[in-house]
């Protein structure tokens, strides 16, 4: 055998031995019973910051990647039209208030007219009573020829005239009652107009307040979806935030392992971007319906299996401590402890993030 052939043989032997030891090491570090593993990705709750009403986007005050606090102003919609509508509603409110005052004055006027009409009715009643008595006496005197027929006729005409005058006064009194009721109805209408204008003002003020888009919670700006100057419809998306207080890894387990996974089970996460660190987590969700593993799972063989979706939640206090390093979309491995009594393998206890 030549020296060249011997050298090649030695190289092949060394590679084979190295491969064997590597395989042996990997096998030795395989998961013991009581544990399951699967690959997944870091995810977080996403929040769309959207407009409540249609309008023009005036300004965006944050950039992609910025950390924001709950209540922080993120963007501002143009409120010129809303301000104009508010001024119009305020003018209607003032007109309605004036209408109430006018209607109250009218009621007072109509009540004064009613008082006068009552006095006239009483006066007309007295006149009718006097005319009726005069007519009765005239008829008695006529039987004794003490008065002429002309006097009787005149007293009868006077009595009929007094009766007609009383009827007219009573009609005027009824008309004054109707006028009072109409004036009071105007007060009710004016008060309703005041309430409507006030409600319109409050609604517009709410829209103006909603035109200032604020962050509903602490998080990070992920995307700027719209740009200043764009006209957006009601519900138009402006920004997308990630809630960094609600971060988890979603992964999939086969039926046998998912059936042994309980809420609150301990999980260890190792990310491809930082394999030297182990992140503690706990199971916060196990799907109750099996599904085919999604395409994001690396191997075709795994994608053909029916599995259950599992979510491992990272503790909020840990997220707050390392918030600058939290990123979504990172792939990694999740290791679930199925048996609470099982001890974690050494490689999953090293460099545990605390």
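Numerical summary
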| read-out | value |
| --- | --- |
| Residue match in segment 228-243 (condition: under 30 Å from residue 70 (Cα atoms) and outside the structural domain of residue 39 (by TED's automatic domain parsing)) | no |
| Matching residues, segment 39-79, being assigned to a strand (DSSP E or B) and within 30 Å of residue 283 (Cβ to Cβ) | 39, 40, 41, 42, 43, 44, 45, 46, 47, 48, 67, 68 |
| Residue that is surrounded by fewer than 16 Cβ atoms within 10 Å (Cβ to Cβ) and part of a helix (DSSP H, G or I), where the choices are 200, 207, 153 | 153 |
| Residue satisfying all of: in segment 247-262; touching a strand residue (DSSP E or B) at 6+ places or on another chain (Cβ under 6 Å) and over 15 Å from residue 330 (Cα atoms); surrounded by the fewest Cβ atoms within 10 Å (Cβ to Cβ) among these | 254 |
| Conditions (1) outside any helix (DSSP H, G or I); (2) at pLDDT below 95: number failed by residue 175 | (1) |
| Hey, residue 139 surrounded by fewer than 17 Cβ atoms within 10 Å (Cβ to Cβ) and assigned by TED's automatic domain parsing to the domain that holds residue 94 or not | yes |
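Every residue, every condition in (1) assigned to a helix (DSSP H, G or I); (2) surrounded by 13 or more Cβ atoms within 10 Å (Cβ to Cβ); (3) in the same structural domain as residue 183 (by TED's automatic domain parsing), yes or no:
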{"position": "101", "(1), (2), (3)": "yes, no, yes"}
{"position": "121", "(1), (2), (3)": "yes, yes, yes"}
{"position": "145", "(1), (2), (3)": "no, no, yes"}
{"position": "162", "(1), (2), (3)": "yes, yes, yes"}
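The values are calculated or read from the model by the stated rules, or taken from the named source; none is laboratory data. Keep in mind that what you see is a predicted model, and the values were worked out from it rather than measured. Every residue, glycine among them, receives a Cβ derived from its backbone with ideal geometry; neighbour counts consider all protein chains shown.
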